[in-house]
Protein chains: 2
Amino acid sequence: MEIPIAEELAKKQKSISVAEFFEKNRHILGFDSAPRSLITTVKEAVDNALDACEEAGILPDLMIQIERTGPDYLTIIVEDNGPGVVKEQIPKVFAKLLYGSRFHALKQSRGQQGIGISAAVLYAQMTSGRYTKILSRTGPDHPAHYYELMINTGSNEPDILKDEIADWFRPHGTQIELEMKASYVKGRRQSVYEYLKATAIVNPHARITLIEPDGTEEIFERATDKMPDPAEEILPHPEGIELGTLLKMLHYTERQRLAPFLRYSFSKIGLYTADELCKAAGLDPETDPHALSRHEARKLIEAFHKVKIMSPPTDCLSPIGEELILRGLEKEVSVDFIATTTRKPAVYSGSPFIVEVGLAYGGKLARDDKISIMRFANRVPLLYQQGACVTTHAVENIKWKQYDLNQPGGGLPTGPGLLLIHVASTNVPFTSESKDAIADIPIIRDEVELAVKEVARKLKHYLSKQKNLKKRKEKEVIINKVLPKMAAKVAGILDREVPDINPVVAKIMGNVLVNRTLKLQEDGSAEVTVKVKNFGTSAQTFKVHDMHPYRILEAKPEPKVVSLGNDYDYIWELTAAVGSSKVLSYRLEAVSAEEIAKFPELIVEGLEEEMVTGAKAIKGVF
Amino acid sequence: MEIPIAEELAKKQKSISVAEFFEKNRHILGFDSAPRSLITTVKEAVDNALDACEEAGILPDLMIQIERTGPDYLTIIVEDNGPGVVKEQIPKVFAKLLYGSRFHALKQSRGQQGIGISAAVLYAQMTSGRYTKILSRTGPDHPAHYYELMINTGSNEPDILKDEIADWFRPHGTQIELEMKASYVKGRRQSVYEYLKATAIVNPHARITLIEPDGTEEIFERATDKMPDPAEEILPHPEGIELGTLLKMLHYTERQRLAPFLRYSFSKIGLYTADELCKAAGLDPETDPHALSRHEARKLIEAFHKVKIMSPPTDCLSPIGEELILRGLEKEVSVDFIATTTRKPAVYSGSPFIVEVGLAYGGKLARDDKISIMRFANRVPLLYQQGACVTTHAVENIKWKQYDLNQPGGGLPTGPGLLLIHVASTNVPFTSESKDAIADIPIIRDEVELAVKEVARKLKHYLSKQKNLKKRKEKEVIINKVLPKMAAKVAGILDREVPDINPVVAKIMGNVLVNRTLKLQEDGSAEVTVKVKNFGTSAQTFKVHDMHPYRILEAKPEPKVVSLGNDYDYIWELTAAVGSSKVLSYRLEAVSAEEIAKFPELIVEGLEEEMVTGAKAIKGVF
């Protein structure tokens, strides 16, 4: 009898430990080049530190120190003031892949996989042959523990090289120190500095200190002492539950009746909905869930889609919020326009998620390049694999011509734009363990697309207004060049004083005319009159500010007065219907002709510069 | 003493089984939508079948059957004639993640991770709640074994629901049957049909039969009975070995002396090189490798970079080959131009790899779209995540303007082009377990870029030639319009016969003139003369074909004669130096004036149509 080839092949069959797997496939974890390996390590350590601090309600204070220990080698130290890790858990938390506390919890957190930091430990030992040092303390009454750890790749279990009590000045916190093949780069988007900067933007409650290899200390100071609302753990939502998963839940439940099983195993199923679901599935609410057949379970799944069930609760999510996105974008670059939006929560495969978007435009952003995208998932910046990310695909899907941006050759539009996109979820579906890109889940793509279109519409409105204003401005410049010359000429011929052409300009342009005249009286006082006329095609509401160091008398109407050091700011709030005129007047005592000649220009607040003739215009609050 | 928060948090810490991990992150394995889940399943089963057949030296004969079993559910059956799997291994091979035979072997194979097929089993049970059926037989003297399997996700171990002996007509082979939530789509690139078609192109030794849900049978017949050269297993190459990995190898080796350790642990280190390396590292070749310190191991790593070591052997790779790429592209679409190239092997992190590229252009390919890319890794088509793939990035990096293609807005160039890119390696660095895209490894990107530039240069040459030929053609058309009218006019005035203008046209155009004259003699025979003159600027070699049904006499020089049914093809092979003339002549017996008037046009083979005046030109063999 011939020995089958299969017998020969079978000899090579064996188990692969998850550590061996990732040792061979380290690029999947984000360790594919020297600069990226450093960023990935810092990112995993910072993610853990921020998650732990938030879970413990501690304002995070992180220190990241990077030292050069050889031409290709760096030592990375990340220290936090978090709750620490209990002694027994330290080896597994840091030196076993697929071990963690956040994998099974349905709530928004940065680390969800139980791989991150141990992957850095694995990479460190692979490239430098070095153990990782851990120092952790859980409270002032407890000692600090010091460990030296490696991962046994064959078994994926920790190798404990040292385990001792240590002195540490911190009352609680954790410090990790790794040596690895890595390189420190500066001045590009994909760098530790930029990563921490972006992290600080969306985590304003954290203080982050970076000590670079050359000793430079960069501090990203916290902008608020308020912790973000903690994300609450929820039950799975029935929408998106797969048949196999339901069968497993039915098998393992401790409930003896179907209706309570439904109520206590899923979110948003109450007494009434549970009964409705049983009815829709044609099942007795009193049935033992363990006795359900595959066919009956399938009926239940169908009922989940037929019966109206409320959306999942969203206190499991912690979005950044429109205000912080706005502030973040303002910090990032000087721009002319910012729009933000936060979508309503949606659900994919039972996991709730929220999309938030901010769009900055103009200012110092590059005009001829494609727009930039800053991507975030659960408040963590995503720096790599932009082309593989659902957020990018959603932006590329949009026909940007509709929003007045060019899109040569498809893809991202060009223009001085910066998009900030944040996806927050109890389970962000990353394309790989390196957590660089979000997978192409249709409902997530749709939500991102809708959010981006919302801010794009606002941008379009802004751009078309800018275009009109630019045209008006050009017209006014021409008029302002021609009219004074004509006026001077005519005045010369007629031997009269050169008239004020502002009213004419305002009339031609359809602007709001704001004209102040000061008449010196013989008694040394002065009569001041401000004439306001709206030549435009729509009613306008605005404020007129007259700022100078003099007290005013007999003002009609009475302005609001704000004292500004040496000056007073007299403020009239006006609404001018189309074609209507208003007159403001007051009197000044004891002013000289010289003083009057130096009177500062009037300021109009609340109108575009191009819409005002005769005064300086400032839009918005100052 | 206060209980630290860390104690509370520690309660949630736990191990995550790799099956649980992928149950939650199934999109990482390529199961993120119904159509894609089907393709991923077929792909994993086909990969395994082809790998097994090749390892056993069997010409693969695969059958893929897809049946609809519910509105959202499909049953997938994949059957092969491979070597089968031994009974004891069946449960783990199919129902345990991270189990396999190819993970530790350094040679090119499709499956390298030990995840693929068990991931499909996991997805099937998650979505349909169903076990997977396996039937396998290792030889005619052995029974077939039938199994029903599920994966226990908590432990990542197989659950064996049934294990029995079965009847099967096949002498050896394996059949897998899974039911899952999936959908069958047709007529787009990302479909089972297109996946199998692309697989057949690069695996011409395989016969693949697809039975679609509607019962349609598609057979991709094998194009050759020759198995590809089997890929041989190699030792790791010293280039790219990390310090930590070397320390591990030193620790576990059975060798007692350093020099033999080097010779027998690495490829391409012989007696001489081993001594050189020890010298360069300042180490005694007789040292016990187990005694090496971290510092000494680092010296050894440095020596690996200093001492010249030959490139790794490439018999571990099995490239497609330029001929097959050419044939594959020809099959795919009708095009005007094809160029191919195969780079020399290169090495990343100790793994050898080869890049092969084919570029098709013109024909029926869409002119206004971006060029298409067909990506392959180890003979497996990659259908998803094109934007995340190093091959795409390499193509986008190229300044295509240099090669006469437009590249609006950067990214892929536009034009009627199709690029086929194959990366073959002992360890293809995919960006995730779904094996859709190759990671951005700089040396791989460089190799792809160089290969693509090579074919792009050929394309540029072709395009500029086409442009010149087009200009010549336009010129000739004009000349051919004007000259005959002038000739007719002059002939009319002088009352002479209208002259043959071909010689003049050939002279102006710098063409090869081929002019046949037939003169009827009084005896009913005819004298035939073919004058050939090269008016061009370079020597030309070509064939003149005179095809007609008559026997010829007194031919000078004697042509080659090929009988073509009713016609004879008389072939003269000529080389004409610049400015030189040749005359061919023969005699025909008993022809009439009518017959002579119907004589078919001469054909010139081996010259561009635009380069010939007076005859039809056909380039290449016919």
Using a Förster distance of 30 Å, the FRET efficiency for B:Glu396-B:Lys471 (Cβ separation, nearest 0.05): 0.40
Other protein chain Cβ atoms within 10 Å, averaged over every residue that makes up A:48-60: 1
Mean Cβ count within 10 Å, highest first, over the residues of peptides A:582-590, B:104-112: B:104-112, A:582-590
Counting all C-alpha pairs of the range A:243-306, share separated by more than 21 Å (%): 6 percent
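Under the definition of Cα pairs under 8 Å and six or more residues apart, what whole-number percent is the relative contact order of the range B:502-618?
Once normalised by length, the contact order is 33 percent.
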Calculated FRET value between B:Tyr264 and B:Arg294, using beta carbons and R₀ = 25 Å, to 0.05: 0.65
Distant alpha-carbon pairs in the range A:96-223 (separation over 23 angstrom), percent: 49 percent
Antiparallel bridges, percent of DSSP beta bridges restricted to the range B:466-622 (to nearest 5): 90 percent
The range B:422-541: translational diffusion in µm²/s, Stokes-Einstein, Kirkwood Rh over Cα pairs, 20 °C, 1.002 mPa s: 105 µm²/s
Potential lengthening between B:His461 and B:Glu286 on full extension [0.36 nm per residue; Cα-Cα distance subtracted]: 57.2 nm
Label spacing, shortest first and in nm, from A:Glu595 to its equivalents in the remaining copies (7 angstrom along Cα→Cβ): 12.6
Degrees, to the nearest 10: A:243-252 long Cα axis against longest axis of chain A: 60 degrees
Burial ranking of peptide ranges B:481-493, A:420-432, B:431-443 (average Cβ count within 10 Å, highest at the top): A:420-432, B:431-443, B:481-493
For residues of A:32-39, the mean tally of beta carbons on other chains within 10 Å: 2
Computed [θ] at 222 nm, deg cm²/dmol, chain A (DSSP H ≥ 4; -39,500 (n - 2.57); rounded to nearest 500): -10000 deg cm²/dmol
Teacher prompt: B:Ala491 distances to equivalent labels in other copies, 7 Å Cα→Cβ, nm: 8.8
Three semi-axes of the equivalent ellipsoid, the range B:98-142, Cα gyration tensor, whole Å, largest first: 23, 20, 7
Rounded to 5, percent antiparallel among DSSP beta bridges of the range A:340-464: 75 percent
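Efficiency by 1/(1 + (r/R0)^6): what FRET value for A:Met249 and B:Lys11, r their Cβ-Cβ distance, R0 = 22 Å, to the nearest 0.05?
0.50
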Other protein chain Cβ atoms within 10 Å, averaged over every residue that makes up B:196-209: 0
Label-point gap, in nm, between B:Met310 and A:Ile165 - each point 7 angstrom along Cα→Cβ: 6.2 nm
Ranking by accessible area, most exposed first, for A:Asp47, A:Asp495, B:Asp275, B:Asp214 with a 1.4 Å probe: A:Asp495, B:Asp214, B:Asp275, A:Asp47
Inter-probe distance in nm under a simple model that places probes 7 Å from Cα toward Cβ, at B:Arg68 and B:Leu553: 7.6 nm
Pseudo-label separations to other copies for B:His251 - Cα-to-Cβ vector, 7 Å, nm: 3.8
Over 32 Å (Cα to Cα) - which of A:Lys92/B:Lys248; A:Lys133/A:Lys435; B:Lys399/B:Lys471; B:Lys43/B:Lys162; B:Lys401/B:Lys616; B:Lys364/B:Lys531 fall in this group: B:Lys401/B:Lys616; B:Lys364/B:Lys531
Between 0 and 90°, nearest 10: helix A:322-332 axis offset from chain A longest Cα axis: 80 degrees
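Over all directions, what mean area does the Cα convex hull of chain A project, stated in square nanometres?
Result: a mean projected hull area of 45.1 nm².
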Whole-Hz couplings from phi, Karplus 6.51/-1.76/1.60, listed for the range A:214-228; x for Gly and Pro: 7, x, 4, 10, 10, 10, 9, 6, 6, 9, 8, 9, 8, 6, x
Distance between modelled label sites at A:Thr209 and A:Ile493, nm, 7 Å Cα→Cβ extension: 7.8 nm
Too-long pairs where the Cα-Cα distance tops 21 Å, listed order kept, from A:Lys299/B:Lys181; A:Lys24/A:Lys181; B:Lys485/B:Lys519: B:Lys485/B:Lys519
The range A:243-306 - percent relative contact order, Cα under 8 Å, separation 6 or more: 40 percent
Dimensionless Rg over Rh [the protein assembly as shown; C-alpha; Kirkwood]: 1.08
Candidate aspartates and glutamates - alpha carbon under 14 Å from A:Lys107, same-chain residues fewer than 8 apart omitted: A:Asp51, A:Glu54, A:Glu55, A:Asp229, A:Glu232, A:Glu233, A:Asp315
Degrees separating the helix A:192-202 axis from the principal Cα axis of chain A, which is the longest one: 70 degrees
Chain B: relative contact order in percent, alpha carbon pairs under 8 Å with at least 6 residues between: 9 percent
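The values are calculated or read from the model by the stated rules, or taken from the named source; none is laboratory data. Please read these numbers as outputs of a predicted model, since none were measured by experiment. Virtual Cβ from ideal backbone geometry, glycine too; neighbours counted across all protein chains shown. Each accessible area value is taken on the protein alone, full model and side chains, heavy atoms only, with ligands, DNA and RNA left out. Shrake-Rupley method; radii C 1.70, N 1.55, O 1.52, S 1.80 Å.
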